[in-house]
Ligand code: GAR
C-alpha cells in the first residue's frame, strides 16, 4: 500500500523560524506523513523567503496592495494552494487577518501560532504586552482560526514561569517552545483530516 504525504502550506510575514521548524520536523519524520510543500509570504523582504530558498521549498510572495480587494488577493493565493494540493495551512507569524475566501476553502484546516496563553494578550505585540503587564506565567498557543484575531479552537498550549527582568530571555524561551509545540499540534490535527 502506498501512503500519500499530506501537503502543508506555511504562511509567514517575517523571520520564518517557525516555518523552518515545521519544515525540519517534517524532514525528520517528527510530523507523520506530511511535508511543507509551499511558503506563502506577503512581504518582499521577509527572511522566511531566504529560508525557503535554502530549504528548497517553493515560495510565493504576493503583495496584498497589488490586488483590488482582500478577496482577490486570497483568490490568487487559493489558486496556488490548489496547484500544490494543499491539505493544511499553518500561519506562522503571518501578520494579516485571513478572510472568508480562504476560511471557506479550508474550513478547520487553518492553524495559527500565537506567543501568549490565549485568550490573554491577543494581537501583534503579545510578548511585550505580557512582559510589561508583569505576568509571571508566559506561554504559547496553537489554535484553529475562525476569522477573528487570535481566536478559534485551541489545539495546544504550553506555559512556563519566568521571574526575571529580561524580555530577550522571555522571547528566546517562547520561540524555543513554539518550535516544539507547533509540530506537535500539526501532528495531532493531521490525524483528523
Ligand atoms: C512568532 O512568535 C509567532 O507566535 C508570532 O510571530 C512570531 C513569528 O516568528 N505570531 C503572532 O504574534 C500572531 N499574532 P517567526 O517568523 O520567527 O516564525
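Values quoted throughout were computed directly from the atomic coordinates according to the rules given, and no laboratory measurement underlies them. Please read all numbers here as calculations on a predicted model, not as lab measurements. Cβ atoms come from the backbone with ideal geometry, glycine included; neighbour counts cover every protein chain shown.
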Sorted from fewest to most neighbouring beta carbons within 10 Å, what does the list 179, 44, 143, 114 look like?
44, 179, 143, 114
Could you work out the relative contact order of the chain? I mean the mean sequence separation of Cα pairs under 8 Å and 6+ apart, divided by the number of residues, in percent.
20 percent
Over the chain, with a Gaussian network built from C-alpha contacts below 10 Å, which listed residue (163, 45, 175) shows the highest mean-square fluctuation?
163
How much mean residue ellipticity at 222 nm does the chain get from its helices, if each DSSP H run of length 4 or more adds -39500 (n - 2.57) and you divide by all residues, to the nearest 500 deg cm²/dmol?
-11500 deg cm²/dmol
Neighbour-count order for 90, 26, fewest beta carbons within 10 angstrom listed first:
26, 90
Placing one identical point scatterer on every Cα of region 1-54 and ignoring solvent, what is log10 I(q)/I(0) from the Debye formula at q = 0.14, 0.20, 0.22, 0.26 Å⁻¹?
-0.36, -0.66, -0.77, -0.97
Using a 10 angstrom cutoff on alpha carbons, build the Gaussian network for the chain and name the most mobile of 135, 36, 170.
135
Please give the contour-minus-distance gain from residue 172 to residue 104: 0.36 nm per residue of separation, less the Cα-Cα distance, rounded to one decimal in nm.
21.0 nm
Convex hull of region 98-153 built on C-alpha atoms - directionally averaged projected area, nm²:
3.6 nm²
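Could you estimate the translational diffusion coefficient of region 24-88 from the Stokes-Einstein equation, with Rh from the Kirkwood formula over C-alpha pairs, at 37 °C and 0.692 mPa s, in whole µm²/s?
Using the Kirkwood radius from Cα pairs, D works out to 252 µm²/s.
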Taking only Cα atoms and a 10 Å spring cutoff, compute GNM fluctuations for the chain and point out the largest among 55, 144, 181.
55
To check you understand DSSP bridge types, tell me what percent of the beta bridges within the chain (both residues inside) are antiparallel, rounded to 5.
40 percent
Least to most buried among 20, 161 (fewest other Cβ within 10 Å first)
161, 20
Once the cut-off is 20 Å, how many percent of the Cα-Cα pairs in region 40-128 end up in the long-distance tail?
41 percent
What residues of region 90-108 lie in the reach of a label at residue 84, counting those whose backbone N is under 13 Å from a point 7 Å from the Cα along Cα→Cβ?
90-92
Between residue 149 and residue 67, what is 0.36 nm times their sequence separation minus the Cα-Cα distance? Round to one decimal in nm.
27.3 nm
D (µm²/s, integer) via Stokes-Einstein for the chain, Kirkwood Rh across alpha-carbon pairs, 25 °C, 0.890 mPa s: value 144 µm²/s
